[in-house]
1. Taking the residues in region 159-172 that are assigned to a helix (DSSP H, G or I) and not hydroxyl-bearing (Ser, Thr, Tyr) as candidates, determine which candidate is nearest to residue 47 (Cα to Cα).
2. Pairs please, first residue from region 194-215 and in contact (Cβ under 8 Å) with a residue 12 or more places away in the chain, second anywhere and within 13 Å of the ligand (Cβ to nearest atom) and among the basic types (Lys, Arg), Cβ atoms under 7 Å, 6+ apart in sequence or on different chains.
3. Could you list all residues from region 154-166 that are surrounded by 13 or more Cβ atoms within 10 Å (Cβ to Cβ) and farther than 18 Å from residue 127 by Cβ?
4. Go through region 106-129 and count every residue that is without any contact (Cβ under 8 Å) to a residue 12 or more places away in the chain and more than 29 Å from residue 152 (Cβ to Cβ).
5. Consider residue 151 against the criteria (1) without any contact (Cβ under 8 Å) to a residue 60 or more places away in the chain; (2) out of contact with any helix residue (DSSP H, G or I) (no Cβ under 8 Å at 6 or more places or on another chain): it satisfies all of them except one. Which criterion is unmet?
6. Please indicate, with yes or no, whether at least one residue in region 248-255 is aliphatic (A, V, I, L, M) and in contact with a helix residue (DSSP H, G or I) (Cβ under 6 Å, 6 or more places away or on another chain).
7. Could you list, in sequence order, all residues of region 64-73 that are hydrophobic (A, V, I, L, M, F, W, C) and more than 15 Å from residue 95 (Cα to Cα)?
8. When region 11-22 is examined, which residues are found to be surrounded by fewer than 16 Cβ atoms within 10 Å (Cβ to Cβ) and away from the ligand (no atom under 13 Å from the Cβ)?
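Just so it is clear, none of the values below were taken in a lab; they were calculated from the coordinates. Note that the structure is predicted; figures quoted are calculated from it, not measured. Here the Cβ is made from the backbone with ideal geometry for all residues, glycine too, and neighbour counts use every protein chain on show.
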Amino acid sequence: MISTVILPVAGLGTRFLPATKSVPKELLPVVDKPLLQYAVEEAWRAGIRHVVLVNSPKKAGLEAHLRPADPELVAELTAKGKQDLLDALLGAVPEGLKVTVVMQPQALGLGHAVWCAREAVAGEPGFAVMLVDDFIDDTTGPGCLADMVALQARTGAWSLAVEEVPREHTNRYGVVSLAGERITAMVEKPAPEVAPSNLAVVGRYVLPAAVMTALDHVKPGAGGEIQLTDGIAAVLADEQVQAHRFAGVRYDCGSKFGYAQANIALALRDPALAAPLRAWLPEVL
Ligand code: G1P
């Protein structure tokens, strides 16, 4: 059973400057909830009770969001009878969630970030990784990670979430080769001419412990960074790792366009916003 998720959150978030000058990009809201919180909720629905934040010393706000609520604010909202706000505040972190924070002293790549969490998952058969800015909106079930964790519990297969992307975008992703649904090879950010397929990995991974051991030896790869893709590729001959074609829609909230899409899509489903937004949209369009 997978009980721990690693959230690599030490990245600089420069694409969203100046918003991210002092606010971590993972705390940017989609409608009214930070991206970090959507990820934690998706992990919780997957049965995961331990979150490991791989953070940078400059992004302390992320840890603050996962700490218990300020007692003074709780007392004030209680005294004023503001139950809905109290629920929003207390619901920000599921009760019973264990949070471990480890530091990634230097941004040496996603593989390095995951490797920084090795002690927090030592002794476990495997672990999950979520990239918080890959926001997967699944209204059909408990969510992408829950489906992947359930697959592992049911069949023993590890998995990576994948989706088809336009061939000219393969150089933005890890790209997989498949035999059936089994991943036989993967390569980080291949040029379209050499990409083995147009099936790209998006930010959900359920991985065997062997990947952590492989990361001990992975050398800098694409972009001069230590790549998680290379750590996974090293175990594919020995471990059954599947491509998981997930339900729902993935918004790339690391890009302004994807972030705008996520906000519009969720606002159009928000009971308080949907009607006025629908009425106003034709006007602005
Ligand atoms: C990372 C991974 C890449 C994956 C992508 C998904 O890349 O290295 O394999 O396809 O996330 O969003 P990054 O977006 O950090 O460059």
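1. Only one residue tops the list, namely 172.
2. Qualifying pairs under 7 Å: 202/250.
3. In the first step, residues of region 154-166 are kept if they are surrounded by 13 or more Cβ atoms within 10 Å (Cβ to Cβ); the result is 157-163, 165.
Scanning region 154-166 gives 162, 163, 165.
4. Taking region 106-129 first, the residues without any contact (Cβ under 8 Å) to a residue 12 or more places away in the chain are 106, 122-123.
With the extra rule that they be more than 29 Å from residue 152 (Cβ to Cβ), the set shrinks to 106.
Residues meeting the conditions: 1.
5. (1)
6. No: zero hits.
7. 64, 73
8. To start, the set of residues in region 11-22 that are surrounded by fewer than 16 Cβ atoms within 10 Å (Cβ to Cβ) comprises 12, 14-15, 17-19, 21-22.
Passing the criteria: 17, 18, 19, 21, 22.
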